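The values are calculated or read from the model by the stated rules, or taken from the named source; none is laboratory data. Everything quoted here is computed from the prediction, not taken from an experiment. Here the Cβ positions follow ideal geometry from the backbone for every residue, glycine too, while neighbour counts run over all protein chains shown.
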Amino acid sequence: MLAKVSSCALIGLEGTIVEVEADISAGLPSFTIVGLPDTAIQEARERVRVAIRNSGFTFPVKRIVANLAPADFKKAGPAYDLSIALAILISSEQLKADTSQTLFLGELSLDGSLRHTSGILPMVALAYQKGYTNIIVPACDAREASLVEGASILPFTTLKEITEYLQGDRAAPKLSEFKEELKGTPPANYVDLAYIKGQENVKRALEVAAAGGHNMVMTGPPGSGKTMLARALVSILPTMTSAEALEVTKLYSIAGLLPPNIPLIHSRPLRAPHYTISSAGLVGGGTFPKPGEISLSHRGVLFLDELPEFGHSLLELLRQPLEDKTVTISRAQGSVSFPANFMLVGAMNPCPCGFYGDNVKRCTCPPGLVTRYQRRISGPFLDRVDIVIDVPRIEYEKLSSDRLGESSEIVSRRVENCRNIQLERFAKYKILSNAEMTPAEIRQFCTMEDTAQNLLRSATKQLFLSARAYHRILKLSRTIADLENNDIIKAHHLAEAIQYRPRWQV
């Protein structure tokens, strides 16, 4: 008898319905899975065999063929265990049920219980779009699945419970008991700006960067607070919208990094990879492409400490995502795209010893070595950075002072107001911040007074600004003007934006 049960596969962020077919016929006992399965699915034969026996059923001692259709793309992961087991039970006539409008997701343990499965959120969203009446998921993933509003989610803990429900011997489980615990991410323990002594000019640059979503690089001697300042940036970023939170949660669900007790990520992510990271770890990749660090920092911050140590090739890989806000990974079987709309924050020393330009400790690096070190950051890469700022050594008087600075809470309110202005301005466009403006939006919204135009003309000629740098200065000026709630970009807004251009030649 042929049996068919529906499941789902993930290709990048998108899902596709997979029909699991099982046929049992006379012949030598065997169990074959076809349809381009990976090793994890091939191993499902033993998991399914033992799980069926431990759930009180009999595993057929016949010729069994399970097919995962369509067979034109590789299937990966253990999410098909439940569907394969149910298809075998239906085909062997141990279970009589109509599963045509139900989709099944879950990995089986040897005792027949359901385990956590990565990527539940995007798969449930697809099933709901395709019109499935019921979607059966592991109980441990119920809260994540419940984020898809309107979908009929049925959480179960064992294969036995599912078979009893399908035969009408058990009532449908209530999702309300799982929804009661659906709360946002607890506030992360980020650094508060109030406890960072001095560096008022850098704090101002952080506020401007957060208000407009601009990229930023900090340079200064060791111990001047660059890393702490970068980590404090997340504490002043605006709260994510519900749409942004779902985007980020989907990415972490696919990557298998979504904490089981946090179904929805509310806090903006902060990713800080080490400079020994591989290109696949940074951009994403693998035989079955998974999101890399730049996608995991989507709608948040990607912090690259010791920026020149990342190497030329790794930094050049960032150029396209910084412009397009997406990353495409191509493989022989096709291409996969992941969103990568993040704020880049880099921190670096001005030279290998770290004290070039310091007014206290003398630099011991030869001039040629300093030049080679700084040239590890290419001109085209810096062109994509809006703010480059020096972080000087902190004096003892400021370090020992008991006076606290402005708190992150106060700064975040100004940032939130500035972002609200931008959301209202770009309501008809598919962008959320000034940093995402294209030349068309720049032409429409970056209106300057005459004095500012003259200043920009002089700066373009004297600093040899590229067209990209010209547009980035305008976008940064627009943000600075928004912080003052001005519709017109004035000369002092433009002057502040220009001063954030790099002062050293690369």
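Working only within the range 424-446, note down all residues that are more than 18 Å from K325 (Cα to Cα) and part of a helix (DSSP H, G or I).
Correct list: E424, R425, R443, Q444, F445.
Can you spot a residue in the range 34-54 that is closer than 22 Å to N134 by Cα and either crowded, with 19+ Cβ neighbours inside 10 Å or at pLDDT 95 or above (or both)?
no
If I go through the range 427-443 residue by residue, how many of them are farther than 20 Å from N215 by Cα and either surrounded by 12 or more Cβ atoms within 10 Å (Cβ to Cβ) or basic (K, R) (or both)?
Residues flagged as farther than 20 Å from N215 by Cα and either surrounded by 12 or more Cβ atoms within 10 Å (Cβ to Cβ) or basic (K, R) (or both) within the range 427-443 amount to 3.
Would you call S146 within 25 Å of the chain's Cα centre (by Cα) and either under 23 Å from G12 (Cβ atoms) or buried (at least 18 other Cβ atoms within 10 Å of the Cβ) (or both)? I'd like the intermediate steps shown before the answer.
On the way: within 25 Å of the chain's Cα centre (by Cα): yes; either under 23 Å from G12 (Cβ atoms) or buried (at least 18 other Cβ atoms within 10 Å of the Cβ) (or both): yes.
So S146 passes the test.
Hey, can you tell me all the residues within the range 193-252 that are free of Cβ contacts under 8 Å to residues at least 60 places away in the same chain and in contact with a Ser or Thr (Cβ under 8 Å, 6 or more places away or on another chain)?
The answer is M240, and nothing else.
When you check A9 against the structure, is it in a strand (DSSP E or B) and within 25 Å of G119 (Cβ to Cβ), yes or no?
yes
Among (1) within 27 Å of the chain's Cα centre (by Cα); (2) modelled with pLDDT of 95 or more, where does S477 come up short?
(1)
Please return the ranges of strands (runs of 3 or more DSSP E) entirely within the range 275-374 where 1 or more residues are of a type in the set (S, T, N, Q). Spell out how you get there, then give the answer.
Numbers: elements: 301-305, 326-331, 334-339, 343-348.
Output list reads 326-331, 334-339.
Just to be sure I understand, how many residues within the range 304-351 are more than 21 Å from the chain's Cα centre (by Cα), of a type outside the set (G, A, S) and on the phi > 0 side of the Ramachandran plot?
Here the count works out to 1.
Matching residues to (1) over 16 Å from L86 (Cα atoms); (2) modelled with pLDDT of 90 or more; (3) surrounded by fewer than 20 Cβ atoms within 10 Å (Cβ to Cβ):
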site	(1), (2), (3)
T102	no, yes, no
L105	no, yes, no
L110	no, yes, yes
S113	no, yes, no
L121	yes, yes, no
V124	yes, yes, no
K130	yes, yes, yes
T133	yes, yes, yes
P138	no, yes, no
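In the set R393, R403, R419, which member is surrounded by 13 or more Cβ atoms within 10 Å (Cβ to Cβ) and not in a helix (DSSP H, G or I)? Talk me through it step by step, then tell me what you get.
Details: R403 fails: surrounded by 13 or more Cβ atoms within 10 Å (Cβ to Cβ); R419 fails: not in a helix (DSSP H, G or I).
Result: R393 is the single residue among R393, R403, R419 that is surrounded by 13 or more Cβ atoms within 10 Å (Cβ to Cβ) and not in a helix (DSSP H, G or I).
Within the range 447-483, can you find the residues that are free of Cβ contacts under 8 Å to residues at least 40 places away in the same chain, part of a loop (DSSP other than H, G, I, E, B) and more than 21 Å from E436 (Cβ to Cβ)?
L463, F464
How about the range 1-28: which of its residues are buried (at least 16 other Cβ atoms within 10 Å of the Cβ) and within 19 Å of A255 (Cβ to Cβ)?
Passing the criteria: C8, A9, L10, I11, G12, L13, G15.
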